[in-house]
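Any read-out appearing in this document is the output of simple, stated calculations on the displayed coordinates, not a laboratory observation. No experiment lies behind these values; they were computed from the predicted model shown. Neighbour counts are summed over all protein chains in view; Cβ atoms, including those assigned to glycine, are modelled from backbone coordinates with ideal geometry.
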Amino acid sequence: MSEITGDFSKNKAFLIDMTKCTGCRGCQVACKQWNQLDAEKTTFFTGEGYQNPPLMSEYTFTRIKFRDYEKNGQNEFAFYKEMCMHCNEPACASVCPVGAFVKTKEGPVTYDAKRCIGCRFCMVACPFGVPKYEWSKAFPLVRKCTGCYSRIKEGQKPACATTCPAAITYGNRGDMIKEANRRIETRPEKYLKKLYGAEEAGGTSVIYLTALPFDELGFKHVTKRPLPSYTWQALRLVPGIFLTVGGSLSLLSWFTHRKDRLKKEAEQREESGKTPKEESK
Amino acid sequence: MTAAKIIIKEIKGYHNFVKFLIVLVALGALASLVRFVFGLGVTTNLNDTFPWGLWISFDVVTAVPLAAGAFTLGAIVHCFHIKKLEPLVRPAIVTGFLGYSLVCVGLLLDLGQPQRGWHTMVYWNPHSPMFEVSMCIAAYTTVLFLEFLSPVCEKFGYHVPLRLLRTIEMPLVVAAASISTLHQSSLGTFFLIAVDKLHSLWYNPLLPLLFWISAMCAGISIIIVEATMSHKWMGQPDESELLETLAKILPYVLTLYLTVRLFSLFVLTEGPLFDRPGLVGLFTVEMLVGVVTPLVMLMNDSVREHNRLRSTAAWLVIAGVILNRFNVSMFGMMEKGTMYYPSFIESVVTIGIIAAHVLFFVLIAKYFPIFEHHPETVDYSLPDNFHKTDKVGAPHGKLASEA
């Protein structure tokens with residue numbers, strides 16, 4: 001959470017033009033190779049159509065979703081690359097009790113496996129369902145795409161963006177949004193006039209261009225407001241509530257106990273007041 | 001006779017129900033061992049779609065409000081000064097202490113890396129509700145432990161610690177209430193991040209406030225149920241007169257809850273409310289059985305004065321709060337067409353934890369003076385002078401020289 005600057009246009013971002021995707025899944029392979037992820041034993045047609053593996057998992061940080069549709073009476077494929085969106089204000093980073101997730105100033109949201117306690121709050125919080133758990137292990141950790149942070153730091157592009165023959169452009173977020181809008185303007189018949197990721201969850205570092213409506217491709221409907229603000233509006237009151245409740249209860253009990261004490265003292269005075277009188281007589 | 005023989009002989013003398021509880025606890029402990037050997041994935045029905053299951057929904061999100069009796073009653077008795085309810089405080093503290101200790105156990109089982117639990121104390125992230133709750137639970141378990149030390153010290157006649165505990169009694173009560181306010185409500189904040197995931201019947205910005213108010217309802221109800229049961233089954237003193245007073249307070253809190261609940265539902269909620277029949281059913285049961293029915297019941301003198309009806313109403317409130325927490329953390333979070341149900345191991349562990357709670361309560365009540373504590377014999381005004389503890393400790397005076 002610490003490195004958020006407020007201006008995200010200089011962050012590195014993916015522009016993924018789904019109309020140019022051929023479904024070669026080179027990005028999936030490159031991701032597995034760079035991150036040294038184990039292979040999964042999968043079969044075709046366990047998910048929708050030709051997509052394989054059926055779901056993202058602890059072994060699969062990105063994958064191409066296939067969607068069948070009909071165009072001019074012919075069957076066509078549409079694709080959607082699923083991966084971490086690297087939100088400007090990530091929900092995972094805000095809910096993590098130990099701050100294992102960090103939004104780096106370069107753009108990627110990284111994960112520190114040495115800090116993680118395995119509470120899975122990030123999985124509950126992520127609006128895109130990205131963090132996955134090592135369910136196969138006795139002491140599991142979370143796994144997710146780190147935007148190839150180690151490559152970015154060395155001035156390289158992420159593995160998937162390097163491999164992709166056509167669809168992925170990588171660069172400053174501001175430039176990517178400009179480029180996306182330019183494409184929509186120059187070929188309005190080809191694109192849906194909307195960017196996914198420009199405003200979703202308060203803006204992400206992955207921007208999508210498509211020809212088909214987003215929900216038909218399996219994009220999740222996500223709020224435009226940054227997610228951390230939903231919990232922060234309650235959490236920011238915590239110190240105040242603590243002091244108010246603590247203070248008012250202390251005050252209240254001081255008064256009630258004072259009343260008690262005064263009553264007792266009055267009783268004692270009455271008792272001691274009587275005895276001297278009796279003695280004087 | 002060796003120590004082992006004494007213990008075995010002691011256990012043989014227990015009631016069969018207590019022995020049954022011991023078996024359940026042992027089974028639960030065994031099942032949790034299985035979790036550590038084979039992993040979460042194999043032993044639970046959790047997966048990437050349902051990262052949180054029964055252990056979070058019951059052992060943490062539900063168990064915490066069920067243990068709310070201690071702070072609620074502490075504040076009622078000591079801050080609002082309704083002194084006659086004092087005999088109920090100690091059983092409530094024992095319940096709270098056991099509840100929170102078992103919440104910690106449940107949490108450690110559910111964490112992927114329980115050996116790193118202390119990381120929350122070191123790597124602070126104040127933006128995380130989980131950070132806030134774990135700090136609060138750690139602090140409050142300590143407070144409850146200190147409060148629980150009083151009967152322990154009395155049992156063994158430790159006078160010096162007793163004097164110290166008396167001195168910090170009021171600060172502890174205030175700390176308990178403020179810390180509890182924070183984490184009871186922050187458990188609701190957990191689910192504020194689940195925008196578009198938690199169904200609109202439960203998702204609204206006032207969720208933390210609702211969690212706090214309903215926790216107090218649950219706390220008061222638990223005290224009523226617990227006192228009624230320990231009178232009936234354990235031969236402890238009959239506190240029905242005090243429970244009537246508590247039952248008089250409860251409808252006010254319930255009304256407050258109902259008002260805020262309806263306001264947040266119809267004014268502050270954004271999404272569609274009645275689009276999923278299953279969830280609407282759960283919601284209706286939660287509100288009608290868990291809130292409206294007990295509220296109507298408790299507004300009648302005849303119900304409040306009648307032992308069985310009063311405890312029935314309290315049971316309904318408890319059931320309502322349990323259902324509410326499950327609706328928020330489990331049923332309401334399920335996407336249409338998906339389903340989670342706990343595995344065998346998960347269920348055995350949770351049953352073991354509930355059994356452990358009852359078992360330890362019975363055993364503590366058996367060996368420590370938690371019911372024998374009456375305001376007539378103890379001066380409970382502010383501990384402004386040290387000699388008062390001596391008077392109290394007089395029956396245990398034998399060990400005074402050692403202490």
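Here are the numbers:
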{"item": "C-alpha long axis of helix B:89-110 to longest principal axis of chain B, angle in °", "result": "50 degrees"}
{"item": "Degrees between helix A:238-280 axis and first principal axis of chain A (Cα, 0 to 90, nearest 10)", "result": "10 degrees"}
{"item": "Pairs beyond 31 Å (Cα-Cα), from B:Lys19/B:Lys83; A:Lys12/A:Lys41; A:Lys190/A:Lys220; A:Lys137/B:Lys9", "result": "B:Lys19/B:Lys83; A:Lys12/A:Lys41; A:Lys137/B:Lys9"}
{"item": "The range B:63-132: mean projected area of Cα convex hull, nm²", "result": "5.9 nm²"}
{"item": "Sorted largest first, extent of chain B alpha carbons per principal axis (Å)", "result": "69, 53, 44"}
{"item": "Proximal aspartates and glutamates relative to A:Lys71, as straight alpha-carbon distance under 18 Å, when same-chain residues fewer than 8 apart are discounted", "result": "A:Glu189, A:Asp215, A:Glu216"}
{"item": "Total formal charge among the other residues, if their Cβ is under 13 angstrom from that of B:Val292, Lys/Arg +1 and Asp/Glu -1", "result": "0"}
{"item": "GNM top mover of A:Gly73, A:Gly99, A:Gly147 - chain A, alpha-carbon springs below 10 Å", "result": "A:Gly73"}
{"item": "Share, in percent, of DSSP beta bridges within chain A that are antiparallel, nearest 5", "result": "85 percent"}
{"item": "Quotient of Cα Rg and 2.2 N^0.38 Å for the protein assembly as shown, N being how many residues it contains", "result": "1.13"}
{"item": "Crossing angle, helix B:129-156 versus chain B [Cα axis fit, 0-90 degrees, rounded to tens]", "result": "20 degrees"}
{"item": "Beta bridges per DSSP with both ends in the protein assembly as shown, % antiparallel, nearest 5", "result": "85 percent"}
{"item": "Inter-centroid distance (Cα atoms) of the range A:51-113 relative to the range B:282-352, Å", "result": "38 Å"}
{"item": "Equivalent ellipsoid semi-axes, the range A:170-281, via Cα gyration tensor eigenvalues times 5, rooted, Å", "result": "78, 12, 7"}
{"item": "Of A:Lys20/A:Lys178; A:Lys81/A:Lys153; A:Lys81/A:Lys224; A:Lys20/A:Lys193; A:Lys259/B:Lys155, pairs whose Cα-Cα distance is over 27 Å", "result": "A:Lys259/B:Lys155"}
{"item": "Amide hydrogen neighbours beyond the local backbone of A:Ile207, cut-off 5 Å, H modeled", "result": "A:Phe14, A:Leu15, A:Ile16"}
{"item": "Cα-based equivalent ellipsoid of the range A:12-226: semi-axis lengths in Å, sorted from largest, via gyration tensor", "result": "27, 21, 16"}
{"item": "Positive-end residue of B:Asn47, A:Cys27, B:Ile76, charge dipole of the protein assembly as shown with Cβ unit charges", "result": "A:Cys27"}
{"item": "Sequence-separation-based contact order of the range B:24-374, relative, with Cα cut under 8 Å and 6+ spacing, percent", "result": "31 percent"}
{"item": "Alpha-carbon centroids, the range A:176-243 and the range B:100-160: separation in whole Å", "result": "39 Å"}
